[in-house]
Amino acid sequence: MKQKKWLMLAACSALLAACGGKNDIKMGDNEYPVMTVGTQGSETQTTYPASIKGVQDVEIRPKVSGFITKLCVQEGQVVKAGQLLFVIDNTTYQAQVRQAQAALNSAKVQLNTTKLTFDNSKKLHERNVIGSYELQTAENNYENARAAVAQAQASLASAKDMLGFCFVKSPANGIVGSLPYKVGALVSAQSVEPLTTVSNASSVEVYFSVTEKDVLDMSKRAGGTHAAIEDFPEVKLKLADGTLYQHPGKVVKMSGVINQATGAVSLIARFPNPEHLLKSGASGTIIVPRVSNNSLVIPQSATTEIQDKVFVYKVGPKNQVRYTEITVDPQNDGNNYVVTGGLKAGDKIVTRGLTTLKDSLEIVPLTEEQYLKKVSDAAKMGKNQSSVDGFMNMMKK
């Protein structure tokens, strides 16, 4: 009996030495988990770099030259259409208005004088006191005076417009951008930078580009460009800090011209911006979901990749495996692949232990449940054998 225990001790020691420090769990000979490929719904996504702009970004530029005498707004301030933004030195333009007004007054006086002369000449001509030449001359002088009044009125209106341009107002509702020019700066219509930009950011437009091929595919499937835009799914926006913007967007426009340098077409998605979180000029990433109700989906762990090609071990007749190349959608969720070629519904593939397989090997297929149960049983046995209590219990038997 004592000798039997020593033999048992030696056998257990050898077993512990073989298992100790190793986490590898071996199945029975050629046992591998196998799954049947079936169709199911899938959702993948495509991302595109994007730039954000206000629905209406208006550059404010001066129409007259002069020094800025007053800044009426601050950067980031919300303004309404018609609100005063800047005042440009208007002394000269006020003088021009006064001068034009004086010229108009003088022209009106001259008009009254020539009208009296013309009216008097008509009466004298009716009495044959003067001839037709004198009458025509009086009429011409009257018409010249009328023209002078009209010219003076136009000059006055122009002078008033120039004076009005000294008071720069917002053409639209929006948010004031940067203010590169301060009080005392000399500005003109030829200034390189605008005085500021007023951006209507109640909603924003996000610009991103897709390939010409993608546009053609969308248009063919939907039956036209406009239909493709209508059918385009709601898109999401990832902000510069990596967070998702809480409001979804809708593609509303597509550029009619293909960029010859990049071969891309611009799409424009509109997003609501009630919190004014999105700023014109910011950047982000557009996320376009792609939903399919009839996809072949397999786990990435059931595949191997060699030189950008994807392979699986397909189970054939008599449970022999074949090393098979497949094609997959390049867009994936990081865990699964959507198969686009090389497999069909009903095919069986090996899901684990691919590194120990070889082509034409005959295997014993297991279901996923059977495989997990064997793994659990093996883990419990290994844990029991590696513990002191387990070892002592074995010695008592």
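Anything in region 269-305 that is modelled with pLDDT of 85 or more and of a type in the set (Val, Ile, Thr)? List them, or say none.
The answer is Thr285, Ile286, Ile287, Val288, Val297, Ile298, Thr303, Thr304.
Quick test of your reading of the structure: Gly177 fulfils all but one of (1) open to solvent by less than 50 Å² (accessible area, probe 1.4 Å); (2) touching a helix residue (DSSP H, G or I) at 6+ places or on another chain (Cβ under 7 Å); (3) at pLDDT below 95. Name the failing condition by number.
(2)
Every residue in region 28-73 that is more than 37 Å from the chain's Cα centre (by Cα) and either part of a loop (DSSP other than H, G, I, E, B) or free of Cβ contacts under 8 Å to residues at least 12 places away in the same chain (or both), please.
Correct list: Gly28, Asp29, Asn30, Val64, Ser65.
Answer yes or no as to whether Gly249 is of a type in the set (Gly, Ala, Ser), on the phi > 0 side of the Ramachandran plot and open to solvent by less than 50 Å² (accessible area, probe 1.4 Å).
Values: of a type in the set (Gly, Ala, Ser): yes; on the phi > 0 side of the Ramachandran plot: no; open to solvent by less than 50 Å² (accessible area, probe 1.4 Å): yes.
In short, no.
Going by the structure shown, is Asn120 of a type in the set (S, T, N, Q) and either crowded, with 17+ Cβ neighbours inside 10 Å or in a helix (DSSP H, G or I) (or both)?
Yes, satisfied.
Which of the residues that make up region 280-303 are exposed (fewer than 15 other Cβ atoms within 10 Å of the Cβ) and over 30 Å from Pro248 (Cβ atoms)?
Passing the criteria: only Ser301.
What single numbered condition from (1) touching a helix residue (DSSP H, G or I) at 6+ places or on another chain (Cβ under 6 Å); (2) open to solvent by 50 Å² or more (accessible area, probe 1.4 Å) fails to hold for Leu186?
The number of the failed condition is (1).
List the pairs whose first member sits in region 366-378 and is open to solvent by 60 Å² or more (accessible area, probe 1.4 Å), whose second member is at pLDDT below 85, and whose Cβ atoms are under 7 Å apart, counting only residues at least 6 apart or on separate chains?
Matching pairs, first to second residue: Lys374/Met27.
What residue, among those in region 189-213 that are closer than 22 Å to Phe165 by Cα and either touching a Gly at 6+ places or on another chain (Cβ under 7 Å) or of a type in the set (A, V, I, L, M, F, W, C) (or both), is surrounded by the most Cβ atoms within 10 Å (Cβ to Cβ)?
Here the answer is Val198.
When you check Asp333 against the structure, is it surrounded by 14 or more Cβ atoms within 10 Å (Cβ to Cβ) and either among the hydrophobic types (A, V, I, L, M, F, W, C) or touching a residue at least 12 places away in the same chain (Cβ under 8 Å) (or both), yes or no?
No.
I need the full set of residues from region 123-164 which are of a type in the set (Lys, Arg), exposed (fewer than 13 other Cβ atoms within 10 Å of the Cβ) and in a helix (DSSP H, G or I), in order please. If you could, list the steps in order and put the result at the bottom.
Kept after step one, since they are of a type in the set (Lys, Arg), are these residues of region 123-164: 123, 127, 146, 160.
After this cut, where a residue has to be exposed (fewer than 13 other Cβ atoms within 10 Å of the Cβ) as well, the list is 123, 127.
The answer is Lys123, and nothing else.
Give the number of residues within region 49-87 that are farther than 27 Å from Leu239 by Cβ, open to solvent by 30 Å² or more (accessible area, probe 1.4 Å) and aliphatic (A, V, I, L, M).
3
Yes/no matrix, rows are residues, columns are (1) in a loop (DSSP other than H, G, I, E, B); (2) in contact with a Lys or Arg (Cβ under 7 Å, 6 or more places away or on another chain):
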site: Glu305; (1), (2): no, no
site: Val310; (1), (2): no, no
site: Lys314; (1), (2): no, yes
site: Lys318; (1), (2): no, no
site: Tyr323; (1), (2): no, no
site: Asn332; (1), (2): yes, no
site: Val339; (1), (2): no, no
site: Gly346; (1), (2): yes, no
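Which one of these is among the aliphatic types (A, V, I, L, M) and under 30 Å from Ser209 (Cα atoms): Val58, Val97, Val78, Val109?
Residue meeting the stated conditions: Val58.
When the residues of region 259-279 are filtered to those that are small (Gly, Ala, Ser) and within 25 Å of Thr44 (Cα to Cα), which remaining residue is least open to solvent (accessible area, probe 1.4 Å)?
The selected residue is Ala269.
Give me the residue from region 224-246 that is farther than 15 Å from Ala50 by Cα and open to solvent by 70 Å² or more (accessible area, probe 1.4 Å) and, out of that set, modelled with the highest pLDDT. Spell out the reasoning first.
At the first step, the residues of region 224-246 found to be farther than 15 Å from Ala50 by Cα are 224-234, 246.
Add one more test, that the residue is open to solvent by 70 Å² or more (accessible area, probe 1.4 Å), and what stays is 226, 230-231, 234, 246.
Working: His226: 87, Glu230: 88, Asp231: 85, Glu234: 90, Gln246: 93.
That would be Gln246.
The values are calculated or read from the model by the stated rules, or taken from the named source; none is laboratory data. These numbers were taken from a predicted model, which means no experiment stands behind them. All Cβ positions, glycine included, derive from the backbone under ideal geometry; neighbour counts span all protein chains shown. Surface accessibility is based on the protein's heavy atoms, side chains included, excluding ligands, DNA and RNA. Shrake-Rupley method; radii C 1.70, N 1.55, O 1.52, S 1.80 Å.
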